[in-house]
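K.L.:
Before I ask anything, here is the structure I am working with.
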There are 2 protein chains.
Amino acid sequence: MRTIAEPVARLIDEFSRLPGIGPKTASRLTFYLLRVPKEQALALADALRELKERTVFCSICFNIAEASPCPICSDESRDRSIICVVEEPLDVLAIERTREYKGLYHVLHGAISPVEGIGPDELKIHELLERLKAEQVKEVLLATNPNLEGEATAMYLARLITPLGPRVTRLARGLPVGGDLEYADEVTLTRALEGRREM
Amino acid sequence: MRTIAEPVARLIDEFSRLPGIGPKTASRLTFYLLRVPKEQALALADALRELKERTVFCSICFNIAEASPCPICSDESRDRSIICVVEEPLDVLAIERTREYKGLYHVLHGAISPVEGIGPDELKIHELLERLKAEQVKEVLLATNPNLEGEATAMYLARLITPLGPRVTRLARGLPVGGDLEYADEVTLTRALEGRREM
């Protein structure tokens, strides 16, 4: 005999598939949602649906946006001579929060990681090089994470980009090594932007 | 200018409303869902919708179920002479997992907590008393949480139920199995001493 209603078991199951959410947390979230007004649960369901149905990747920088090109790429007031290369869309947010950076972005969607089988072809590297060939870019700021994969990716990119002409810079070593860019506080990130250096 | 797509911001926002999920975790979950196949995100959305649309409270025990009465209340093989009173539907699951208990349940949907403004009228206490008056119940096992609110609720219920006739019992307090004596808090150890039994 089943002692748990199927829709309850199913939601616990779906929550458990999310990263960092174990079965206990999944149960807690599910039973919390059973108690809240129907509108809140449906608002979350709708938000999930819209996330997939109303977002696209910007065809220029590959950031997540509602339309392509994204608001940053189509903003004429941004400095088009500098491109900041990041691993994930969340990293764009982190840098935007500093209000220090006025250039464009390029989202790689990952970092080179032989262990995880992620090579340069899995990332938006080819697209970055095409951008650099087509546009007048004076500086490429490599803002990959200050960890092993991020450093390796930055080294790899520096080698490819330098012959194309732009100055290649890296966020300053104000960031805690081994950390994750998106968790950096704004002051640290601002310092890292100010202190960027030639590679 | 908005640097985050509205559907992304909205889902982060909805996730943040869940208990124990801060803005950082909400962001991580959202960007994780951006990367997974559309089907997984929609499966979660559907599970949320069905949780609200395909579950009801059992009209007898107030547990969550797909139909009322719930499978436990309608199971003729269960012992109808004992009712186990718990705070939440999750507690029913916990007790069912032991496979030790064969009686019925009553879910209060909370505990008495003057601090949070939860009095007896907010709980399914009136409904429990009506059940006890209408049915032949020999024992009421009070399985509210072993904390301040749970104890207060158990005391309150014991005073109301005793005059109606059933034996009123409470889950034993003592050392958790697999635990370490030296890590037990004083209150638990005191209860374990008080409740010591012949071997």
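Only the coordinates and a few stated rules stand behind these numbers; no lab work does. Since the structure is predicted, the reported quantities are computational estimates derived from the model, not experimental observations. Neighbour counts run over all protein chains shown; Cβ positions are idealised from the backbone, glycine included.
K.L.:
Express the relative contact order of the stretch A:64-105 as a whole percentage, based on alpha carbon pairs under 8 Å and six or more residues apart in sequence.
P.N.:
Numbers: 29 pairs, mean separation 20.1, N = 42.
It rounds to 48 percent for the stretch A:64-105.
K.L.:
Could you work out the relative contact order of the stretch B:68-199, using alpha carbon pairs under 8 angstrom and six or more residues apart, expressed as a whole percent?
P.N.:
Numbers: 157 pairs, mean separation 28.5, N = 132.
RCO, the stretch B:68-199: 22 percent.
K.L.:
A further question on this structure: Please report, for B:N147, the nm distances (one decimal) from its label point, 7 Å out from Cα along the beta-carbon direction, to the equivalent points in the remaining copies, shortest first.
P.N.:
Ordered by distance, the counterparts are at 3.3 nm.
K.L.:
If you average 1/r over every pair of different alpha-carbon atoms in the protein assembly as shown and take one over that average, what Kirkwood value in Å do you get?
P.N.:
Details: mean 1/r = 0.0398 Å⁻¹.
Radius from the Kirkwood sum: 25.1 Å.
K.L.:
Nearest 0.05, what FRET efficiency do A:S59 and B:E130 give at R0 = 51 Å with Cβ-Cβ as r? List each step's numbers first, then the result.
P.N.:
On the way: r = 65 Å, r/R0 = 1.27.
That gives a FRET efficiency of 0.20.
K.L.:
Computed over the Cα atoms of chain B, what is the ratio Rg over Rh, Rh following Kirkwood?
P.N.:
On the way: Rg = 21.5 Å, Rh = 20.1 Å.
Expressed as Rg/Rh, it is 1.07.
K.L.:
Out of residues 5 or more away from B:L141 or on other chains, whose amide H comes under 5 Å of its own, with H placed 1.01 Å from N in the peptide plane?
P.N.:
B:I83, B:C84, B:V85, B:T169
K.L.:
Still on this structure, please answer the following. Multiplying the sequence separation of B:D13 and B:L181 by 0.36 nm and subtracting their Cα-Cα distance, what value in nm do you get?
P.N.:
Numbers: separation 168, 0.36 × 168 = 60.48 nm, distance 4.37 nm.
The span from B:D13 to B:L181 would gain 56.1 nm if fully extended.
K.L.:
Could I ask something else about it? What average number of partner chain Cβ atoms lie no more than 10 Å from the Cβ of the residues making up A:14-22? Numbers along the way, then the final one.
P.N.:
Values: counts 9, 5, 0, 5, 9, 6, 5, 4, 0.
For peptide A:14-22, the averaged partner shielding equals 5.
K.L.:
Which of A:P23, A:P120, A:P163 moves the most in a Gaussian network model of chain A with Cα springs under 10 Å?
P.N.:
A:P23
K.L.:
Name the residues whose placed amide hydrogens come within less than 5 Å of the amide hydrogen of B:G103, ignoring near sequence neighbours (fewer than 5 apart) on the same chain.
P.N.:
B:D79
K.L.:
So for the stretch B:6-54, what are the equivalent ellipsoid semi-axes in whole Å, largest first, each being the square root of 5 times an eigenvalue of the Cα gyration tensor? Mind dumping the intermediate values first?
P.N.:
Numbers: eigenvalues 68, 43, 15 Å².
Gyration-tensor ellipsoid for the stretch B:6-54: 18, 15, 9 Å.
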